[in-house]
1. Please determine whether any residue of region 191-202 is out of contact with any Phe, Trp or Tyr (no Cβ under 6 Å at 6 or more places or on another chain), of a type in the set (S, T, N, Q) and assigned to a loop (DSSP other than H, G, I, E, B).
2. Output the residues belonging to region 4-30 that are in a loop (DSSP other than H, G, I, E, B) and either out of contact with any Gly (no Cβ under 8 Å at 6 or more places or on another chain) or without any contact (Cβ under 8 Å) to a residue 40 or more places away in the chain (or both).
3. Being buried (at least 16 other Cβ atoms within 10 Å of the Cβ) and farther than 19 Å from Leu23 by Cα narrows it down to one of Ile172, Ile103, so name that one.
4. Touching a Pro at 6+ places or on another chain (Cβ under 9 Å) and more than 25 Å from Leu30 (Cβ to Cβ), is that true of Phe230?
5. In this structure, does Phe209 turn out to be assigned to a loop (DSSP other than H, G, I, E, B) and either modelled with pLDDT under 95 or not aliphatic (A, V, I, L, M) (or both)?
6. Just the residues that are in contact (Cβ under 8 Å) with a residue 60 or more places away in the chain, of a type in the set (A, V, I, L, M, F, W, C) and either assigned to a loop (DSSP other than H, G, I, E, B) or more than 16 Å from Ser26 (Cα to Cα) (or both), please, taken from region 165-190.
7. Please indicate, with yes or no, whether at least one residue in region 222-241 is basic (Lys, Arg) and assigned to a loop (DSSP other than H, G, I, E, B).
Amino acid sequence: MQYTKIIDNINIIDLGIKIDDYLIISDLHLGYEESLNKEGIMIPKFQYNKILDRLSEIQIESACTKIIINGDLKHEFGKISKQEWIEVNKFLDYLTNEFLEVILIKGNHDNFTNIISEKKNLKLCDSYLINDKILCIHGHKLIKLETNVEYLIIGHEHPCIGLRSGERVEKIKTFLYGPYNDKKIIVMPSFNFISEGSDILHEKLLSPFLKKENIYDFEVYGVENFEVLFFGKISNILKKNKKKV
């Protein structure tokens with residue numbers, strides 16, 4: 001499995017980030033299938049097993065003993081669905097058995113997640129600081145950043161880019177890395193296998209940390225079948241797309 005260094009000791013490993021002994025993943029949205037089924041979109045409940053298989057492969061390669069779930073462990077905004085209750089319980093049991101430390105960061109979909117996490121003696125926190133300079137937050141709302149923070153790692157955005165081949169457009173999950181005021185920000189893709197995410201080139205940005213006019217200098221790292229692909233800066237990708245048109 002490929003490692004790709006973003007900066008310092010921050011490395012991409014598949015859809016996760018490895019920092020020393022920490023593995024970070026974001027936006028699992030457990031229970032998403034049941035939510036879609038209620039909307040009349042009938043799909044089988046396959047995601048939980050796929051998440052476990054993928055995470056297990058990453059963990060074996062990374063050898064990390066600490067894991068951070070950077071928000072949106074579950075999907076429903078309101079009450080916990082039956083699928084969520086079952087899968088979140090099982091998943092937290094899995095994490096506590098496989099990792100020495102489990103850190104859960106609250107996302108905008110994590111209402112009532114604390115009901116389950118507290119029973120497992122796991123705290124749901126708003127943010128988590130690594131090595132006094134790398135701050136992990138979900139990214140759905142702005143917070144005041146301390147001066148010692150150099151890097152910000154967020155989820156929430158579910159970034160991807162759409163690559164066109166003839167009439168066909170294939171979406172690839174991506175990491176974004178670029179400037180945020182006097183700091184640097186890393187945007188993580190979702191660890192969700194039902195949806196690729198939001199196309200940063202053509203769709204509205206979700207996180208208040210990101211503005212359309214400020215992301216042109218961001219670097220893009222795509223992830224496809226465990227391989228990390230460097231696409232360059234967003235401004236260069238947009239120029240290439242215009243030339244093709």
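1. yes
2. In the first step, residues of region 4-30 are kept if they are in a loop (DSSP other than H, G, I, E, B); the result is 8-9, 14-15, 20-21, 26-29.
Answer for region 4-30, where residues must be in a loop (DSSP other than H, G, I, E, B) and either out of contact with any Gly (no Cβ under 8 Å at 6 or more places or on another chain) or without any contact (Cβ under 8 Å) to a residue 40 or more places away in the chain (or both): Asp8, Asn9, Asp14, Leu15, Asp20, Asp21, Leu28, His29.
3. Ile172
4. Numbers: touching a Pro at 6+ places or on another chain (Cβ under 9 Å): no; more than 25 Å from Leu30 (Cβ to Cβ): yes.
No.
5. On the way: assigned to a loop (DSSP other than H, G, I, E, B): yes; either modelled with pLDDT under 95 or not aliphatic (A, V, I, L, M) (or both): yes.
For Phe209, the condition - assigned to a loop (DSSP other than H, G, I, E, B) and either modelled with pLDDT under 95 or not aliphatic (A, V, I, L, M) (or both) - is met.
6. Step one: list which residues in region 165-190 are in contact (Cβ under 8 Å) with a residue 60 or more places away in the chain, which gives 173, 175, 177, 184, 186, 188-190.
Remaining after also requiring of a type in the set (A, V, I, L, M, F, W, C): 175, 186, 188.
The one that is in contact (Cβ under 8 Å) with a residue 60 or more places away in the chain, of a type in the set (A, V, I, L, M, F, W, C) and either assigned to a loop (DSSP other than H, G, I, E, B) or more than 16 Å from Ser26 (Cα to Cα) (or both): Met188.
7. Of all residues in region 222-241, those basic (Lys, Arg) come to 233, 239-240.
Narrowing the set further to residues that are assigned to a loop (DSSP other than H, G, I, E, B) leaves none.
No, region 222-241 contains no residue that is basic (Lys, Arg) and assigned to a loop (DSSP other than H, G, I, E, B).
Every residue, every condition in (1) among the polar types (S, T, N, Q); (2) surrounded by fewer than 19 Cβ atoms within 10 Å (Cβ to Cβ); (3) touching a residue at least 24 places away in the same chain (Cβ under 8 Å), yes or no:
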| site | (1), (2), (3) |
| --- | --- |
| Glu61 | no, yes, yes |
| Cys64 | no, no, yes |
| His75 | no, no, yes |
| Leu135 | no, no, no |
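The values are calculated or read from the model by the stated rules, or taken from the named source; none is laboratory data. All values reported here derive from a predicted model rather than from experimental measurement. Please note: Cβ atoms are built from the backbone with ideal geometry, for glycine as well, and neighbour counts cover all protein chains shown.
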